[in-house]
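Working notes, structure below.
The values are calculated or read from the model by the stated rules, or taken from the named source; none is laboratory data. Because the structure is predicted, anything quoted here is derived from the model rather than measured. A quick note on method: Cβ atoms are made from the backbone with ideal geometry, for glycine too, and the neighbour counts reach across all protein chains shown. Each accessible area value is taken on the protein alone, full model and side chains, heavy atoms only, with ligands, DNA and RNA left out. Shrake-Rupley method; radii C 1.70, N 1.55, O 1.52, S 1.80 Å.
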Amino acid sequence: MDEKATMLKVKNGQLGYLAELFENNRNGLFNFFLRMGLNRALGEDLVQETFMRVLAYRTSFKAQSSFKAWLYRIARNTVADHFRKLGNQDIHEPYCEERIQDNQSLADKLEKESQQTLFEKALASLPADQREIIILSRFQQFNYAEIAELLNINLNTLKTRMRTAIAQLKLQYNQLNGKTS
Amino acid sequence: MMNFEEIITQKIQYLNGETSQDLDDKMQAIVEANPELQAEIEFIETIWQSQSLADDHQPSPALDARFYQMLSLAQSSQSPPTNDMIPETKKHWLDTVSRLFSLKPLAQFALLVLVFFTGWNLNTPSQPLVQVTSQKLEEQIATLNAMVAMTMLRDQSATERLAGVTYSAANAQNDTGLNDLLLELLINDNSSAVRLAIVDALAKRNNLHDIQSKLMFSIKKQNNPLVQMSLIRLAIQKQILIDENTLSALLNDQSIDTDVKDYIRENRRQLTGRHSV
(Lines give C-alpha, C1' and ligand atoms only; values in the text may rest on other atoms or scores of the structure.)
Protein backbone atom coordinates (compact mmCIF):
# COMPACT_ATOMS: atom_id res chain seq x y z
CA MET A 1 0.00 0.00 0.00
CA ASP A 2 1.45 3.41 -0.91
CA GLU A 3 1.67 6.19 1.62
CA LYS A 4 -1.17 8.18 0.12
CA ALA A 5 -3.55 5.23 0.51
CA THR A 6 -2.28 4.64 4.03
CA MET A 7 -2.87 8.27 4.94
CA LEU A 8 -6.38 8.09 3.55
CA LYS A 9 -7.06 5.24 5.96
CA VAL A 10 -5.80 7.42 8.80
CA LYS A 11 -8.01 10.21 7.53
CA ASN A 12 -10.97 7.85 7.67
CA GLY A 13 -10.33 7.11 11.30
CA GLN A 14 -8.12 4.03 11.13
CA LEU A 15 -5.49 5.70 13.28
CA GLY A 16 -3.35 2.59 13.71
CA TYR A 17 -2.06 3.05 10.17
CA LEU A 18 -0.28 6.19 11.29
CA ALA A 19 2.31 3.90 12.87
CA GLU A 20 3.29 2.68 9.40
CA LEU A 21 3.74 6.25 8.14
CA PHE A 22 5.72 7.12 11.25
CA GLU A 23 8.05 4.14 10.82
CA ASN A 24 8.64 5.00 7.15
CA ASN A 25 9.31 8.70 7.65
CA ARG A 26 10.63 9.10 11.21
CA ASN A 27 14.34 8.89 10.35
CA GLY A 28 14.10 11.03 7.23
CA LEU A 29 12.24 13.74 9.06
CA PHE A 30 14.61 13.59 12.04
CA ASN A 31 17.64 13.97 9.76
CA PHE A 32 15.92 16.77 7.86
CA PHE A 33 15.62 18.69 11.13
CA LEU A 34 19.23 17.92 12.07
CA ARG A 35 20.54 19.08 8.70
CA MET A 36 18.49 22.24 9.07
CA GLY A 37 20.63 22.90 12.14
CA LEU A 38 18.46 21.73 15.03
CA ASN A 39 19.96 19.70 17.87
CA ARG A 40 18.90 16.10 18.51
CA ALA A 41 16.48 16.84 21.36
CA LEU A 42 14.70 19.55 19.42
CA GLY A 43 14.76 17.42 16.27
CA GLU A 44 12.97 14.60 18.10
CA ASP A 45 10.49 17.02 19.64
CA LEU A 46 9.61 18.40 16.24
CA VAL A 47 9.24 14.94 14.67
CA GLN A 48 6.76 14.16 17.44
CA GLU A 49 4.98 17.48 16.97
CA THR A 50 4.83 16.99 13.20
CA PHE A 51 3.11 13.61 13.55
CA MET A 52 0.84 15.06 16.19
CA ARG A 53 -0.26 17.61 13.61
CA VAL A 54 -0.64 14.94 10.95
CA LEU A 55 -3.08 13.26 13.30
CA ALA A 56 -4.82 16.48 14.24
CA TYR A 57 -5.22 17.72 10.67
CA ARG A 58 -5.73 14.35 9.00
CA THR A 59 -9.11 15.39 7.64
CA SER A 60 -7.45 18.15 5.61
CA PHE A 61 -5.33 15.66 3.64
CA LYS A 62 -6.62 15.97 0.08
CA ALA A 63 -4.47 13.34 -1.64
CA GLN A 64 -3.74 15.77 -4.46
CA SER A 65 -0.05 15.76 -3.66
CA SER A 66 2.03 12.97 -2.20
CA PHE A 67 1.86 12.19 1.51
CA LYS A 68 5.54 13.04 1.79
CA ALA A 69 5.05 16.52 0.34
CA TRP A 70 2.14 17.09 2.74
CA LEU A 71 4.20 15.77 5.66
CA TYR A 72 7.11 18.09 4.94
CA ARG A 73 4.80 21.06 4.52
CA ILE A 74 3.57 20.38 8.04
CA ALA A 75 7.15 19.86 9.23
CA ARG A 76 8.24 23.23 7.85
CA ASN A 77 5.26 24.94 9.50
CA THR A 78 6.07 23.19 12.76
CA VAL A 79 9.60 24.58 12.71
CA ALA A 80 8.32 28.03 11.79
CA ASP A 81 5.79 27.98 14.65
CA HIS A 82 8.45 26.81 17.07
CA PHE A 83 10.71 29.74 16.33
CA ARG A 84 7.85 32.18 16.13
CA LYS A 85 7.02 31.23 19.70
CA LEU A 86 10.61 32.01 20.64
CA GLY A 87 10.12 35.46 19.16
CA ASN A 88 12.48 35.25 16.21
CA GLN A 89 11.48 37.34 13.26
CA ASP A 90 13.72 35.41 10.92
CA ILE A 91 12.83 31.86 11.75
CA HIS A 92 15.79 30.36 9.97
CA GLU A 93 18.62 32.47 11.24
CA PRO A 94 19.11 30.64 14.56
CA TYR A 95 19.85 27.44 12.65
CA CYS A 96 23.04 28.83 11.16
CA GLU A 97 25.64 27.21 13.32
CA GLU A 98 28.49 29.31 12.04
CA ARG A 99 29.53 31.63 9.32
CA ILE A 100 32.95 31.41 7.87
CA GLN A 101 34.84 34.58 8.68
CA ASP A 102 38.49 33.72 8.51
CA ASN A 103 38.75 31.34 5.63
CA GLN A 104 42.41 30.61 5.84
CA SER A 105 42.58 29.96 9.55
CA LEU A 106 39.47 27.80 9.44
CA ALA A 107 40.89 25.90 6.49
CA ASP A 108 44.04 25.28 8.51
CA LYS A 109 42.02 24.04 11.45
CA LEU A 110 39.85 21.79 9.34
CA GLU A 111 42.60 20.36 7.21
CA LYS A 112 42.37 16.94 8.74
CA GLU A 113 38.63 16.73 8.98
CA SER A 114 36.68 14.31 6.89
CA GLN A 115 34.76 15.18 3.75
CA GLN A 116 31.52 14.63 5.61
CA THR A 117 32.41 17.04 8.39
CA LEU A 118 33.53 19.64 5.87
CA PHE A 119 30.35 19.22 3.90
CA GLU A 120 28.18 19.51 7.01
CA LYS A 121 29.98 22.67 8.05
CA ALA A 122 29.73 24.16 4.58
CA LEU A 123 26.03 23.30 4.48
CA ALA A 124 25.46 24.80 7.93
CA SER A 125 27.10 28.03 6.83
CA LEU A 126 24.58 28.60 4.03
CA PRO A 127 21.52 30.80 4.48
CA ALA A 128 18.61 28.59 5.52
CA ASP A 129 16.65 28.94 2.28
CA GLN A 130 19.63 27.78 0.20
CA ARG A 131 20.41 24.99 2.64
CA GLU A 132 16.83 23.76 2.57
CA ILE A 133 16.74 23.42 -1.22
CA ILE A 134 19.90 21.31 -1.24
CA ILE A 135 18.70 19.14 1.66
CA LEU A 136 15.32 18.51 0.05
CA SER A 137 16.90 17.52 -3.26
CA ARG A 138 20.00 15.66 -2.13
CA PHE A 139 18.84 13.96 1.07
CA GLN A 140 15.05 13.90 1.14
CA GLN A 141 14.77 12.78 -2.50
CA PHE A 142 12.23 15.39 -3.51
CA ASN A 143 12.06 16.12 -7.22
CA TYR A 144 12.07 19.66 -8.59
CA ALA A 145 8.30 19.84 -9.01
CA GLU A 146 7.74 18.72 -5.42
CA ILE A 147 10.28 21.19 -4.03
CA ALA A 148 8.75 24.02 -6.05
CA GLU A 149 5.30 23.12 -4.72
CA LEU A 150 6.57 22.80 -1.17
CA LEU A 151 8.30 26.18 -1.25
CA ASN A 152 5.46 27.73 -3.23
CA ILE A 153 7.74 29.00 -6.01
CA ASN A 154 7.76 28.33 -9.73
CA LEU A 155 10.10 25.88 -11.37
CA ASN A 156 12.32 28.47 -13.02
CA THR A 157 12.82 30.30 -9.74
CA LEU A 158 13.77 27.01 -8.12
CA LYS A 159 16.33 26.26 -10.84
CA THR A 160 17.97 29.64 -10.36
CA ARG A 161 17.96 29.26 -6.58
CA MET A 162 19.40 25.76 -6.83
CA ARG A 163 22.32 26.95 -8.91
CA THR A 164 22.97 29.83 -6.52
CA ALA A 165 22.81 27.46 -3.54
CA ILE A 166 25.20 24.98 -5.12
CA ALA A 167 27.65 27.71 -6.09
CA GLN A 168 27.57 29.02 -2.54
CA LEU A 169 27.98 25.54 -1.06
CA LYS A 170 30.93 24.85 -3.35
CA LEU A 171 32.53 28.13 -2.35
CA GLN A 172 32.15 27.42 1.37
CA TYR A 173 33.28 23.82 0.97
CA ASN A 174 36.41 24.83 -0.93
CA GLN A 175 37.22 27.53 1.58
CA LEU A 176 36.96 25.05 4.42
CA ASN A 177 39.03 22.61 2.43
CA GLY A 178 41.75 25.21 1.95
CA LYS A 179 41.14 25.74 -1.74
CA THR A 180 40.85 29.20 -3.16
CA SER A 181 37.64 28.67 -5.16
CA MET B 1 20.08 29.02 -26.08
CA MET B 2 20.23 26.65 -23.19
CA ASN B 3 21.14 28.27 -19.88
CA PHE B 4 23.35 26.83 -17.17
CA GLU B 5 20.46 26.26 -14.78
CA GLU B 6 18.89 23.80 -17.23
CA ILE B 7 22.13 21.83 -17.39
CA ILE B 8 22.47 21.73 -13.60
CA THR B 9 18.83 20.69 -13.30
CA GLN B 10 19.34 17.89 -15.82
CA LYS B 11 22.42 16.70 -13.93
CA ILE B 12 20.69 16.66 -10.55
CA GLN B 13 17.60 14.93 -11.93
CA TYR B 14 19.86 12.29 -13.45
CA LEU B 15 21.77 11.80 -10.20
CA ASN B 16 18.50 11.63 -8.24
CA GLY B 17 17.20 8.96 -10.59
CA GLU B 18 14.35 11.14 -11.86
CA THR B 19 15.57 10.61 -15.41
CA SER B 20 17.82 8.08 -17.09
CA GLN B 21 19.14 10.74 -19.43
CA ASP B 22 22.51 12.22 -18.41
CA LEU B 23 23.78 15.40 -20.09
CA ASP B 24 23.49 15.06 -23.85
CA ASP B 25 26.28 15.97 -26.27
CA LYS B 26 25.08 19.51 -26.66
CA MET B 27 24.99 20.08 -22.91
CA GLN B 28 28.34 18.34 -22.49
CA ALA B 29 29.90 20.69 -25.07
CA ILE B 30 28.59 23.71 -23.16
CA VAL B 31 30.00 22.34 -19.92
CA GLU B 32 33.41 21.74 -21.45
CA ALA B 33 33.47 25.22 -22.88
CA ASN B 34 32.80 26.80 -19.47
CA PRO B 35 35.31 25.91 -16.72
CA GLU B 36 33.19 27.47 -14.00
CA LEU B 37 30.16 25.39 -14.97
CA GLN B 38 32.35 22.31 -15.32
CA ALA B 39 33.62 22.81 -11.76
CA GLU B 40 30.03 23.12 -10.53
CA ILE B 41 28.98 19.94 -12.30
CA GLU B 42 31.95 18.05 -10.84
CA PHE B 43 31.08 19.37 -7.39
CA ILE B 44 27.46 18.25 -7.80
CA GLU B 45 28.64 14.77 -8.81
CA THR B 46 30.88 14.60 -5.75
CA ILE B 47 28.17 15.68 -3.35
CA TRP B 48 25.35 13.64 -4.91
CA GLN B 49 27.36 10.43 -5.30
CA SER B 50 29.15 10.39 -1.97
CA GLN B 51 27.50 7.73 0.12
CA SER B 52 29.10 8.86 3.36
CA LEU B 53 27.32 12.21 3.16
CA ALA B 54 23.96 10.47 3.18
CA ASP B 55 24.60 8.57 6.42
CA ASP B 56 21.60 9.11 8.64
CA HIS B 57 21.53 9.70 12.38
CA GLN B 58 19.17 7.54 14.39
CA PRO B 59 16.66 9.13 16.76
CA SER B 60 16.50 7.74 20.30
CA PRO B 61 14.01 5.00 21.26
CA ALA B 62 12.25 7.60 23.41
CA LEU B 63 10.88 9.17 20.22
CA ASP B 64 9.13 5.92 19.33
CA ALA B 65 7.83 5.61 22.86
CA ARG B 66 6.38 9.10 22.77
CA PHE B 67 4.81 8.57 19.37
CA TYR B 68 3.08 5.33 20.38
CA GLN B 69 1.91 6.91 23.60
CA MET B 70 0.39 9.74 21.59
CA LEU B 71 -1.18 7.32 19.14
CA SER B 72 -2.61 5.26 21.96
CA LEU B 73 -4.11 8.38 23.53
CA ALA B 74 -5.60 9.41 20.19
CA GLN B 75 -7.11 5.98 19.67
CA SER B 76 -8.58 5.90 23.13
CA SER B 77 -10.09 9.33 22.42
CA GLN B 78 -11.95 7.95 19.44
CA SER B 79 -15.61 7.31 20.08
CA PRO B 80 -16.74 4.60 19.84
CA PRO B 81 -13.49 2.66 20.13
CA THR B 82 -12.55 0.85 16.94
CA ASN B 83 -10.84 -2.45 16.41
CA ASP B 84 -8.10 -0.62 14.58
CA MET B 85 -5.69 -0.68 17.45
CA ILE B 86 -1.94 -0.40 17.31
CA PRO B 87 -0.39 -3.33 15.44
CA GLU B 88 0.58 -6.20 17.73
CA THR B 89 4.26 -5.80 17.02
CA LYS B 90 4.15 -2.25 18.32
CA LYS B 91 2.28 -2.89 21.53
CA HIS B 92 5.47 -3.54 23.44
CA TRP B 93 6.24 0.15 23.06
CA LEU B 94 3.40 0.97 25.37
CA ASP B 95 5.08 -1.15 28.03
CA THR B 96 8.29 0.71 27.30
CA VAL B 97 6.46 3.98 27.78
CA SER B 98 5.18 3.05 31.17
CA ARG B 99 8.63 1.83 32.17
CA LEU B 100 10.30 4.98 30.87
CA PHE B 101 7.89 7.39 32.42
CA SER B 102 7.02 5.81 35.73
CA LEU B 103 10.21 6.73 37.65
CA LYS B 104 9.26 4.13 40.19
CA PRO B 105 12.69 3.79 41.77
CA LEU B 106 12.54 7.24 43.33
CA ALA B 107 9.09 6.69 44.75
CA GLN B 108 10.09 3.24 45.99
CA PHE B 109 13.08 4.74 47.74
CA ALA B 110 10.88 7.36 49.36
CA LEU B 111 8.52 4.63 50.54
CA LEU B 112 11.45 2.63 51.92
CA VAL B 113 12.59 5.66 53.91
CA LEU B 114 9.06 6.10 55.25
CA VAL B 115 8.79 2.46 56.29
CA PHE B 116 12.21 2.52 57.90
CA PHE B 117 11.50 5.59 60.01
CA THR B 118 8.02 4.43 60.91
CA GLY B 119 9.37 1.07 62.04
CA TRP B 120 12.12 2.72 64.00
CA ASN B 121 9.67 5.04 65.72
CA LEU B 122 7.24 2.22 66.54
CA ASN B 123 9.97 0.71 68.70
CA THR B 124 10.17 3.84 70.77
CA PRO B 125 7.85 4.23 73.78
CA SER B 126 6.18 7.50 72.79
CA GLN B 127 3.15 6.72 70.53
CA PRO B 128 2.14 10.38 69.81
CA LEU B 129 5.70 11.06 68.71
CA VAL B 130 5.41 8.18 66.21
CA GLN B 131 2.31 9.67 64.70
CA VAL B 132 3.81 13.14 64.44
CA THR B 133 7.03 11.83 62.93
CA SER B 134 5.17 9.63 60.48
CA GLN B 135 2.96 12.49 59.40
CA LYS B 136 5.94 14.78 58.91
CA LEU B 137 7.70 12.17 56.85
CA GLU B 138 4.68 11.71 54.65
CA GLU B 139 4.50 15.44 54.11
CA GLN B 140 8.19 15.57 53.27
CA ILE B 141 7.84 12.76 50.76
CA ALA B 142 4.85 14.46 49.17
CA THR B 143 6.83 17.68 48.92
CA LEU B 144 9.78 15.79 47.48
CA ASN B 145 7.55 14.11 44.88
CA ALA B 146 6.01 17.43 43.90
CA MET B 147 9.45 19.02 43.57
CA VAL B 148 10.69 16.18 41.37
CA ALA B 149 7.59 16.44 39.19
CA MET B 150 7.87 20.23 38.87
CA THR B 151 11.54 20.01 37.94
CA MET B 152 10.69 17.52 35.21
CA LEU B 153 7.77 19.63 33.98
CA ARG B 154 10.02 22.69 33.63
CA ASP B 155 12.59 20.81 31.56
CA GLN B 156 13.40 22.05 28.05
CA SER B 157 12.86 18.60 26.56
CA ALA B 158 9.29 17.56 25.79
CA THR B 159 10.27 13.96 26.61
CA GLU B 160 11.19 14.97 30.12
CA ARG B 161 8.03 17.05 30.53
CA LEU B 162 5.96 14.06 29.39
CA ALA B 163 7.69 11.98 32.04
CA GLY B 164 6.91 14.75 34.53
CA VAL B 165 3.20 14.56 33.71
CA THR B 166 3.19 10.81 34.25
CA TYR B 167 5.18 11.13 37.45
CA SER B 168 2.91 13.82 38.85
CA ALA B 169 -0.17 11.73 38.08
CA ALA B 170 1.29 8.75 39.90
CA ASN B 171 2.90 10.44 42.88
CA ALA B 172 1.79 13.99 43.54
CA GLN B 173 -1.83 14.68 42.71
CA ASN B 174 -2.64 16.93 45.66
CA ASP B 175 0.04 19.57 45.45
CA THR B 176 -1.49 22.96 44.64
CA GLY B 177 1.66 24.40 43.08
CA LEU B 178 2.07 21.36 40.89
CA ASN B 179 -1.55 21.51 39.77
CA ASP B 180 -1.13 25.18 38.88
CA LEU B 181 1.94 24.33 36.84
CA LEU B 182 0.07 21.54 35.02
CA LEU B 183 -2.75 23.92 34.14
CA GLU B 184 -0.25 26.51 32.97
CA LEU B 185 1.42 23.92 30.73
CA LEU B 186 -1.96 22.79 29.46
CA ILE B 187 -2.36 26.28 28.03
CA ASN B 188 1.17 27.22 27.08
CA ASP B 189 3.24 24.12 26.39
CA ASN B 190 4.44 24.05 22.77
CA SER B 191 4.18 20.27 22.58
CA SER B 192 0.71 18.90 21.85
CA ALA B 193 1.84 15.54 23.23
CA VAL B 194 2.51 17.09 26.64
CA ARG B 195 -0.86 18.88 26.63
CA LEU B 196 -2.64 15.66 25.66
CA ALA B 197 -0.83 13.77 28.40
CA ILE B 198 -1.93 16.39 30.94
CA VAL B 199 -5.57 15.97 29.90
CA ASP B 200 -5.14 12.20 30.17
CA ALA B 201 -3.62 12.55 33.64
CA LEU B 202 -6.43 14.83 34.78
CA ALA B 203 -9.01 12.35 33.50
CA LYS B 204 -7.76 9.81 36.05
CA ARG B 205 -8.51 12.09 38.98
CA ASN B 206 -11.66 11.78 41.02
CA ASN B 207 -12.49 15.43 41.49
CA LEU B 208 -11.80 18.26 39.07
CA HIS B 209 -14.46 20.71 40.15
CA ASP B 210 -11.97 23.05 41.81
CA ILE B 211 -10.17 23.57 38.51
CA GLN B 212 -13.05 23.23 36.05
CA SER B 213 -13.18 26.92 35.11
CA LYS B 214 -9.46 26.87 34.25
CA LEU B 215 -9.95 23.70 32.23
CA MET B 216 -12.72 25.23 30.19
CA PHE B 217 -10.67 28.40 29.71
CA SER B 218 -7.81 26.28 28.35
CA ILE B 219 -10.01 24.89 25.51
CA LYS B 220 -10.03 28.28 23.81
CA LYS B 221 -6.24 28.45 24.05
CA GLN B 222 -5.62 25.17 22.21
CA ASN B 223 -4.41 25.20 18.62
CA ASN B 224 -4.67 21.45 18.24
CA PRO B 225 -8.10 19.86 17.62
CA LEU B 226 -7.02 16.66 19.37
CA VAL B 227 -6.40 18.53 22.60
CA GLN B 228 -9.62 20.51 22.18
CA MET B 229 -11.54 17.27 21.66
CA SER B 230 -9.87 15.62 24.65
CA LEU B 231 -10.83 18.50 26.91
CA ILE B 232 -14.47 18.33 25.80
CA ARG B 233 -14.45 14.58 26.39
CA LEU B 234 -12.98 15.21 29.82
CA ALA B 235 -15.79 17.64 30.63
CA ILE B 236 -18.37 15.02 29.61
CA GLN B 237 -16.62 12.21 31.45
CA LYS B 238 -16.25 14.21 34.67
CA GLN B 239 -19.70 15.78 34.38
CA ILE B 240 -18.27 19.28 34.34
CA LEU B 241 -21.17 21.46 33.29
CA ILE B 242 -20.63 24.32 30.88
CA ASP B 243 -23.15 27.13 30.81
CA GLU B 244 -24.95 27.99 27.58
CA ASN B 245 -23.11 31.28 27.09
CA THR B 246 -19.70 29.67 27.33
CA LEU B 247 -20.76 26.87 25.02
CA SER B 248 -22.11 29.32 22.45
CA ALA B 249 -18.87 31.28 22.65
CA LEU B 250 -16.93 28.08 21.93
CA LEU B 251 -19.17 27.28 18.96
CA ASN B 252 -18.61 30.76 17.55
CA ASP B 253 -14.87 30.72 18.19
CA GLN B 254 -12.91 30.61 14.91
CA SER B 255 -9.99 28.89 16.57
CA ILE B 256 -12.09 25.84 17.51
CA ASP B 257 -11.92 23.10 14.90
CA THR B 258 -15.10 22.23 12.97
CA ASP B 259 -14.98 18.59 14.08
CA VAL B 260 -14.73 19.71 17.68
CA LYS B 261 -17.72 22.01 17.24
CA ASP B 262 -19.72 19.11 15.80
CA TYR B 263 -18.73 17.03 18.79
CA ILE B 264 -19.86 19.81 21.16
CA ARG B 265 -23.21 20.06 19.35
CA GLU B 266 -23.70 16.28 19.57
CA ASN B 267 -23.10 16.38 23.32
CA ARG B 268 -24.63 19.76 24.08
CA ARG B 269 -27.35 18.45 26.37
CA GLN B 270 -24.86 16.49 28.40
CA LEU B 271 -22.42 19.38 28.62
CA THR B 272 -25.02 21.85 29.82
CA GLY B 273 -26.79 19.34 32.08
CA ARG B 274 -30.12 20.04 30.46
CA HIS B 275 -30.88 16.36 30.01
CA SER B 276 -31.36 16.06 33.75
CA VAL B 277 -33.92 18.86 33.95
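Listing for the model above:
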item: The range A:130-181 - Rg (one decimal) and Dmax (whole number), Cα, Å; result: 12.3, 37
item: Approximate shape of the range B:161-217 as ellipsoid semi-axes (Cα gyration tensor, √5λ), whole Å, largest first; result: 15, 14, 10
item: At R0 = 30 Å, FRET efficiency that the Cβ-Cβ distance of B:GLU266 and B:GLN156 yields, to 0.05; result: 0.15
item: Rounded to whole Hz, the Karplus (6.51, -1.76, 1.60) HN-Hα couplings of the range B:251-267, x for glycine and proline; result: 5, 8, 6, 5, 7, 7, 5, 4, 4, 5, 4, 4, 5, 5, 4, 4, 10
item: Measure of compaction for the range A:3-86 (Cα Rg per 2.2 N^0.38 Å); result: 1.06
item: Cβ neighbours within 10 Å from other chains - mean over A:156-163; result: 4
item: Portion, in percent, of the accessible area of the range A:132-181 that falls on carbon or sulfur, probe 1.4 Å; result: 42 percent
item: Chains B and A, summed buried accessible surface - 1.4 Å probe, Å², nearest 100; result: 4800 Å²
item: Sulfur and carbon atoms: percent of accessible area, the range B:22-67 [1.4 Å]; result: 46 percent
item: Virtual spin-label span in nm between A:SER65 and A:GLN141, 7 Å along Cα→Cβ; result: 1.9 nm
